[in-house]
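To start, the structure itself, in structure tokens.
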Amino acid sequence: VYMKYKDPKQPLNVRIRDLMNRMSLEEKIGQMTQIERHVASPQIMRKYFIGSVLSGGGSVPFPKATAADWVKMVNEIQKGSLSTRLGIPMIYGIDAVHGHNNVYKATIFPHNVGLGVTRDPQLVKRIGAATALEVRATGIPYTFAPCIAVCRDPRWGRCYESYSEDHRIVQAMTEIIPGLQGDAPANSRKGVPFVGGKTKVAACAKHFVGDGGTTKGIDENNTVIDMNGLLNIHMPAYFDSILKGVSTIMVSYSSWNGKRMHANRDLITGFLKGKLKFRGFVISDWEAIDKITEPPRANYSYSVQAGVLAGLDMIMGQENLVEFLDDLAFQVRNNIIPMSRIDDAVMRILRVKFVMGLFENPLADLSLANQLGSQEHRELAREAVRKSLVLLKNGKVTNQPLLPLPKKVKKILVAGIHADNLGYQCGGWTISWQGIGGNDLTTGTTILNAVKKTVHPSTQVVYQENPDVNFVKSNHFSYAIVVVGETPYAEMFGDSAKLTIAEPGPSIISNVCGVVKCVVVVVSGRPVVIEPYLANIDALVAAWLPGSEGQGVADVLFGDYGFTGKLARTWFKSVDQLPMNVGDPHYDPLFPFGFGLTTKPVKS
Ligand code: 3DO
């Protein structure tokens with residue numbers, strides 16, 4: 001029998017209407033449900049008509065799974081969905097937030113805090129396109145990125161997911177959306193989602209709204225600001241994202257002036273869907289409706305009611321799947337939630353699925369498998385690393401710069417717990433949710449290896465993680481490269497009131513820099529306390545969380561390329577100045593927003 005909704009020649013709205021007319025309440029509610037990979041199975045998909053599946057941070061089929069392993073897993077789940085009466089494909093989503101970061105051997109790009117420094121939206125767009133290919137390589141059509149938070153306080157554990165404290169930089173970096181999804185056609189209506197087929201993925205602007213403005217930078221906390229402030233600082237990047245056809249928007253765990261965003265009908269339905277005419281779907285954060293009440297899950301059916309009535313279309317994180325489905329169905333049957341609200345949600349979800357061609361191409365093949373961690377993508381990541389570095393100091397005396405470093409000398413020292421640690425330089429949201437130390441997590445180039453590859457073959461490179469003063473004194477090094485910083489974290493585990501660099505980092509700086517000329521490279525998700533050590537340091541470089549391609553750091557240290565990066569965040573002197581952002585009356589930074597010394601490439 002001919003089914004109109006299955007006919008790609010029919011107009012989008014005709015297909016949506018035809019399909020919705022056929023759907024039962026159970027089928028509609030299923031579409032609104034997103035479950036985690038570990039609870040998903042073909043049987044569950046089929047039984048409950050589940051609309052979406054996610055991999056949370058670090059959630060993989062098994063460690064070191066290949067592209068083929070991922071495709072097999074995603075396709076198996078999809079076959080469960082396709083076996084239902086109406087055969088509506090599920091949409092699989094994952095946090096590809098700096099490349100396809102959960103996946104072994106994927107290219108790991110710098111975290112957003114570094115990309116903001118580049119001031120290069122076209123670069124970020126290319127990163128989006130590369131990430132889309134790597135995500136599709138594993139059979140996945142949807143990423144929970146970009147994070148367009150405007151981090152106003154580096155004490156926030158998610159600061160590195162934010163491009164800048166300045167909303168203008170965040171707005172410019174929404175170019176990653178057409179990178180991920182493809183360019184929306186020039187004539188497309190404002191707010192209509194767009195995904196350009198099998199080599200692109202649906203994007204997700206998050207977290208709506210004010211996630212980066214919480215008091216003292218406490219994760220998931222309360223953002224106290226008036227409507228003007230919200231509109232001027234935290235909202236602008238949503239205007240850009242919607243104009244560029246972003247398919248989905250994730251709501252923030254945080255509250256605005258004491259009200260949980262997940263229950264904020266005025267902002268989700270009134271503003272986002274009404275005023276901004278966003279036509280994609282709104283997704284909750286992981287188990288975020290549970291947190292509408294304090295304590296979480298104190299009244300789950302109320303959470304369902306408040307969240308769905310506020311305008312959430314897809315609810316993420318059903319560990320208690322049956323309870324959720326029953327609660328929602330009960331509330332619709334008893335007119336607590338009007339059917340029109342359910343129809344709005346399902347229409348939006350189906351619109352994205354139709355637009356992206358999911359009905360025509362629900363199953364992945366292995367044709368893109370070679371995109372995962374490709375050399376071309378690694379070169380792009382390396383370019384991004386080069387452009388994300390900020391040179392904060394270059395020489396104790398102005399006319400005696402230390403950088404660029406000479407490649408041909410007798411002997412150099414590389415020190416610091418971050419010098420030969422791929423996991424540290426990638427940070428959180430890499431292979432696991434919180435990140436992993438060491439060099440076994442995935443493939444890439446550590447800063448130490450990059451240095452070794454870059455110096456002249458006759459230069460002896462001595463590596464000592466934590467050398468003592470006598471060792472440094474007795475060796476007569478020409479200079480030292482000290483790499484220190486923060487160890488990996490994600491979300492609330494990264495909240496920090498002190499913002500100090502991890503020991504033995506500070507003692508390595510003093511042991512080395514007290515004896516020999518040194519450049520200190522800071523690997524961190526945000527500005528950290530550096531003022532106490534600054535006088536001792538000859539040259540200082542902020543490398544943020546550069547990812548798998550450490551070669552980009554050596555490219556610039558040794559002058560194959562010049563330093564060009566400008567701070568996209570204010571570098572504070574001491575934490576008691578915080579919050580302190582560019583334009584503030586009490587602005588008295590160590591290095592101001594926009595600061596960055598430059599060097600010229602050395603002719604070789
Ligand atoms: C994050 C956002 C993320 C989600 C799914 O904890 O892994 O998990 O997209 O806030 C939450």
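Side notes on the structure shown:
- For region 38-50, filtered to residues that are touching a Ser or Thr at 6+ places or on another chain (Cβ under 8 Å) and more than 16 Å from the ligand (Cβ to nearest atom), the residue that is nearest to Ala202 (Cα to Cα) is Ile50.
- Pair list, Cβ under 9 Å, 6 or more apart: region 147-175 residue free of Cβ contacts under 8 Å to residues at least 24 places away in the same chain, other residue part of a loop (DSSP other than H, G, I, E, B): none
- Pairs linking a residue in region 2-26 that is among the polar types (S, T, N, Q) to a residue that is part of a helix (DSSP H, G or I), with Cβ atoms under 8 Å and 6 or more positions apart or on different chains, are Gln10/Lys4; Gln10/Asp18.
To keep it simple, each residue is scored yes or no on (1) within 16 Å of the ligand (Cβ to nearest atom); (2) surrounded by 13 or more Cβ atoms within 10 Å (Cβ to Cβ).
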position: Lys9; (1), (2): no, no
position: Asn13; (1), (2): no, no
position: Ile16; (1), (2): no, yes
position: Asn21; (1), (2): no, no
position: Leu25; (1), (2): no, yes
position: Gln31; (1), (2): no, yes
position: Ile35; (1), (2): yes, yes
position: Gly56; (1), (2): yes, yes
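- Residue check for Lys206: part of a helix (DSSP H, G or I) and either crowded, with 22+ Cβ neighbours inside 10 Å or in contact (Cβ under 8 Å) with a residue 60 or more places away in the chain (or both): no
- Count - residues of region 144-198 that are farther than 19 Å from Val352 by Cβ, in a helix (DSSP H, G or I) and of a type outside the set (Gly, Ala, Ser): 9
- In the set (1) buried (at least 23 other Cβ atoms within 10 Å of the Cβ); (2) outside any loop (DSSP other than H, G, I, E, B); (3) more than 16 Å from the ligand (Cβ to nearest atom), the condition left unmet by Ile315 is number (3).
To keep it simple, each residue is scored yes or no on (1) crowded, with 19+ Cβ neighbours inside 10 Å; (2) touching a strand residue (DSSP E or B) at 6+ places or on another chain (Cβ under 6 Å); (3) touching a residue at least 12 places away in the same chain (Cβ under 8 Å).
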{"site": "Val409", "(1), (2), (3)": "no, no, yes"}
{"site": "Ala415", "(1), (2), (3)": "yes, yes, yes"}
{"site": "Leu441", "(1), (2), (3)": "yes, no, yes"}
{"site": "Ile447", "(1), (2), (3)": "yes, yes, yes"}
{"site": "Lys453", "(1), (2), (3)": "no, no, yes"}
{"site": "Val472", "(1), (2), (3)": "yes, no, yes"}
{"site": "Ala502", "(1), (2), (3)": "no, no, yes"}
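- Any hit, region 436-443, residues being more than 16 Å from the ligand (Cβ to nearest atom) and of a type in the set (Ser, Thr, Tyr): yes
- Qualifying residue in region 59-71 (condition: away from the ligand (no atom under 16 Å from the Cβ), touching a helix residue (DSSP H, G or I) at 6+ places or on another chain (Cβ under 8 Å) and among the acidic types (Asp, Glu)): no
- In the condition set (1) closer than 24 Å to Val170 by Cα; (2) in contact (Cβ under 8 Å) with a residue 40 or more places away in the chain, Pro592 is compliant with all but (2).
- Here Val352, Val304, Val332, Val322 are screened, and the one residue that is within 30 Å of Ile218 (Cα to Cα) and assigned to a helix (DSSP H, G or I) is Val304.
- Checked against (1) more than 16 Å from the ligand (Cβ to nearest atom); (2) touching a strand residue (DSSP E or B) at 6+ places or on another chain (Cβ under 9 Å); (3) farther than 19 Å from Gly93 by Cβ, Asp183 passes all but condition (2).
- Beta carbons closer than 8 Å, at least 6 apart along the sequence or on distinct chains, pair a first residue in region 245-259 that is within 30 Å of Ala186 (Cα to Cα) and more than 15 Å from the ligand (Cβ to nearest atom) with a second that is among the hydrophobic types (A, V, I, L, M, F, W, C) and in a loop (DSSP other than H, G, I, E, B) for Gly245/Ala184; Gly245/Val192; Gly245/Phe194.
- Residue within region 97-112 that is more than 25 Å from Ser59 (Cα to Cα), touching a helix residue (DSSP H, G or I) at 6+ places or on another chain (Cβ under 6 Å), buried (at least 24 other Cβ atoms within 10 Å of the Cβ) and at pLDDT 95 or above present: no
- Where Phe109 falls short, out of the listed (1) within 16 Å of the ligand (Cβ to nearest atom); (2) within 22 Å of Tyr160 (Cβ to Cβ); (3) of a type in the set (A, V, I, L, M, F, W, C): (1)
Here's the yes/no breakdown for (1) crowded, with 18+ Cβ neighbours inside 10 Å; (2) over 21 Å from the mean Cα position of the chain (by Cα); (3) touching a residue at least 24 places away in the same chain (Cβ under 8 Å):
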{"site": "Ala329", "(1), (2), (3)": "no, yes, yes"}
{"site": "Arg348", "(1), (2), (3)": "yes, yes, yes"}
{"site": "Leu358", "(1), (2), (3)": "yes, yes, yes"}
{"site": "Pro362", "(1), (2), (3)": "yes, yes, yes"}
{"site": "Leu368", "(1), (2), (3)": "yes, yes, yes"}
{"site": "Arg382", "(1), (2), (3)": "yes, no, yes"}
{"site": "Val390", "(1), (2), (3)": "yes, no, yes"}
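The values are calculated or read from the model by the stated rules, or taken from the named source; none is laboratory data. Note that the coordinates shown come from a computational prediction; the quantities given were computed from them, not determined experimentally. Because the Cβ atoms are built from the backbone with ideal geometry, glycine has one as well, and the counts that use them run over all protein chains shown.
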